[in-house]
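Peer 1: Dropping a structure here in structure tokens format, bear with me for questions.
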Amino acid sequence: MSGHSNYEPKTGIERWLDTRLPIVRLAYDSIIDFPTPKNLNYWWTFGGILAVCLGIQLVTGIILAMHYVPHVDHAFASVEHIMRDVNYGWLIRYMHSNGASMFFIAVYIHMFRGLYYGSYKAPREVLWILGCVIYLLMMATGFLGYVLPWGQMSFHGAVVITNLFGALPLVGEAITTWLWGGFAVDNPTLNRFFSLHYLLPFMIAGVVGLHIWALHVPGNNNPAGVNVKSKEDTVPFHPYYTVKDGFAITVFLLMFASFVFYNPNALGHPDNYIPANPLVTPSHIVPEWYYLPFYAILRAVPDKLGGVLMMFGSIGLLFVLPWLDTSKVRSMRYRPTARMYFLIFVLTCLVLGYCGGQLPDDHVIPGLSTFMLLDADLNSFVWLSRIATLYYFAYFLIVLPVLGLTETPLPQPESISEPVLSHPANAPAGAAASPEKRG
Ligand code: HEM
């Protein structure tokens with residue numbers, strides 16, 4: 001996409017096309033010949049896995065839309081019709097619903113990989129920000145899609161989330177009415193949610209195109225976090241990474257298939273098999289698992305507006321991350337202190353996710369009140385969420401800015417090749433004594 005091209009059209013038709021629309025050249029330069037660091041590990045296969053997830057969601061979604069009816073009187077029944085009467089409708093629907101979860105598993109791994117190896121740092125800030133835009137669009141798409149089956153959790157989830165906008169001063173009520181298309185979540189809401197749920201994945205596909213473009217200008221980061229210095233540091237994308245990505249995609253699809261075929265409802269909520277009833281509120285309204293950490297942040301703050309702002313702020317921070325982390329060293333391989341804080345951060349996100357799925361008032365953590373000298377009111381999961389929320393924000397606003405200036409990183413290798421070539425296993429024959437020879 002940028003720089004020198006080694007593409008040589010072979011046939012007459014390729015030469016003809018190349019002088020008019022060099023699309024084969026573009027494909028050759030970006031997925032065949034693209035110089036890729038030779039030390040990429042399996043964490044780097046998730047970009048490809050995500051592209052496959054997006055493809056699966058688009059194809060299965062388009063087929064579902066052929067049979068789905070976006071009307072409050074028919075939506076639930078049309079989904080049951082897909083499950084029972086449409087040829088392989090059950091498969092398409094389970095692929096789509098579980099596909100959303102698989103998409104989020106992959107995107108979280110992809111993002112934490114970026115956080116660990118400092119892939120958001122210069123010169124990849126735009127690449128990272130485009131990723132954040134994709135993530136926001138994914139969250140919106142997932143939420144809109146979950147409303148479509150018009151089950152109990154669809155309906156009441158939509159009520160809770162759309163009502164959040166009502167917390168905004170002055171404009172809140174107007175925004176909520178505008179989102180609903182009326183004065184409650186009803187048919188106009190379902191209609192517009194369907195329309196947007198169809199639109200957004202194509203916008204995601206467009207931003208993914210920009211994401212890959214922004215990747216191909218500076219090239220990949222890598223586990224060592226040091227820049228590519230010479231041709232020796234890279235290998236062509238094909239066949240090295242087409243094969244590696246292909247293997248990872250196959251393993252990922254096996255895991256995906258195990259959900260679709262053996263446990264298709266494990267990640268969903270049983271209440272969504274009850275048709276929506278505005279008069280009966282489920283005892284516990286929970287979002288899909290991938291929103292739980294943010295749901296926990298929302299509920300951790302006693303004030304509604306404060307909670308909404310903290311929740312959106314927790315995602316907003318990701319956009320400015322490249323300027324919050326002051327360290328010159330990219331990879332946490334060479335930042336032992338930062339690595340420790342990072343591990344606590346990952347744990348914090350898991351704790352937030354766990355807390356987000358709990359009823360806020362029911363649970364008591366035995367012994368915590370005595371241990372923390374808190375009164376009985378303070379020892380529920382809300383408090384755990386509060387501590388985790390504090391750490392979440394402190395990680396971005398205090399730990400990363402301060403550590404970069406104060407820590408002493410380990411010495412970085414001169415090049416990508418150096419740690420590979422200096423490893424005893426790669427020493428020239430005879431140079432590294434085998435265990436037998438050593439004796
Ligand atoms: C539909 C969703 C997405 C797709 C299809 C996608 C695709 C890709 C691909 C193919 C790569 C190159 C291979 C790799 O590094 O794994 C990549 C790299 C990258 N992506 Fe994404 N991505 C998506 C979402 C995101 C999100 C949500 C973020 C962050 C918020 C993100 C941040 C990055 C970064 C920083 C890199 C550079 C990695 C490096 O070279 O170290 N991506 N993406």
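The values are calculated or read from the model by the stated rules, or taken from the named source; none is laboratory data. Remember, predicted model here, so these are calculated numbers, not experimental data. Here the Cβ positions follow ideal geometry from the backbone for every residue, glycine too, while neighbour counts run over all protein chains shown. Side chains are part of the model used for accessible areas, which takes the heavy atoms of the whole protein and leaves out ligands, DNA and RNA. Shrake-Rupley method; radii C 1.70, N 1.55, O 1.52, S 1.80 Å.
Peer 1: Exactly one of these conditions fails for Glu80: (1) open to solvent by 30 Å² or more (accessible area, probe 1.4 Å); (2) part of a helix (DSSP H, G or I); (3) closer than 26 Å to Pro293 by Cα. Give me its number.
Peer 2: For Glu80, the exception is condition (3).
Peer 1: Quick one: how many residues across the stretch 107-126 are more than 8 Å from the ligand (Cβ to nearest atom) and part of a helix (DSSP H, G or I)?
Peer 2: 7
Peer 1: Which of the residues that make up the stretch 144-183 are buried (at least 20 other Cβ atoms within 10 Å of the Cβ), on the phi < 0 side of the Ramachandran plot and of a type in the set (Phe, Trp, Tyr)?
Peer 2: Of everything in the stretch 144-183, those that are buried (at least 20 other Cβ atoms within 10 Å of the Cβ), on the phi < 0 side of the Ramachandran plot and of a type in the set (Phe, Trp, Tyr) turn out to be Tyr146, Phe155.
Peer 1: Related question: Among the residues of the stretch 127-141, is any open to solvent by less than 40 Å² (accessible area, probe 1.4 Å), closer than 20 Å to Tyr290 by Cβ, away from the ligand (no atom under 16 Å from the Cβ) and out of contact with any Ser or Thr (no Cβ under 8 Å at 6 or more places or on another chain)?
Peer 2: No, there is no match, as no residue in the stretch 127-141 is open to solvent by less than 40 Å² (accessible area, probe 1.4 Å), closer than 20 Å to Tyr290 by Cβ, away from the ligand (no atom under 16 Å from the Cβ) and out of contact with any Ser or Thr (no Cβ under 8 Å at 6 or more places or on another chain).
Peer 1: Collect the residues in the stretch 142-153 that are part of a helix (DSSP H, G or I) and either within 22 Å of Gly307 (Cα to Cα) or among the aliphatic types (A, V, I, L, M) (or both), keeping them in residue-number order.
Peer 2: If the condition is that a residue be part of a helix (DSSP H, G or I) and either within 22 Å of Gly307 (Cα to Cα) or among the aliphatic types (A, V, I, L, M) (or both), then Gly142, Phe143, Leu144, Val147, Met153 are the ones that fit.
Peer 1: Quick check on the stretch 293-307: of everything there that is of a type in the set (A, V, I, L, M) and surrounded by 20 or more Cβ atoms within 10 Å (Cβ to Cβ), which residue is nearest to the ligand (Cβ to nearest atom)?
Peer 2: Ile297
Peer 1: When you check Ala296 against the structure, is it in contact with a helix residue (DSSP H, G or I) (Cβ under 8 Å, 6 or more places away or on another chain) and free of Cβ contacts under 8 Å to residues at least 60 places away in the same chain, yes or no?
Peer 2: no
Peer 1: Also, I was wondering about something else. Just the residues that are more than 15 Å from the ligand (Cβ to nearest atom) and in contact (Cβ under 8 Å) with a residue 24 or more places away in the chain, please, taken from the stretch 33-72.
Peer 2: Asp33, Thr60, Ile63, Leu64, Ala65, Tyr68, Pro70, His71, Val72
Peer 1: Of all residues in the stretch 219-229, which are open to solvent by 50 Å² or more (accessible area, probe 1.4 Å) and in contact (Cβ under 8 Å) with a residue 12 or more places away in the chain?
Peer 2: Those that are open to solvent by 50 Å² or more (accessible area, probe 1.4 Å) and in contact (Cβ under 8 Å) with a residue 12 or more places away in the chain: Val228, Lys229.
Peer 1: Can you tell me which residue among Val52, Val69 is touching a His at 6+ places or on another chain (Cβ under 9 Å), among the hydrophobic types (A, V, I, L, M, F, W, C) and in the same structural domain as Phe256 (by TED's automatic domain parsing)?
Peer 2: Exactly one residue qualifies, and that residue is Val69.
Peer 1: Also, quick follow-up: Within the stretch 215-262, can you find the residues that are assigned to a loop (DSSP other than H, G, I, E, B) and polar (S, T, N, Q)?
Peer 2: Asn220, Asn221, Asn222, Asn227, Ser230
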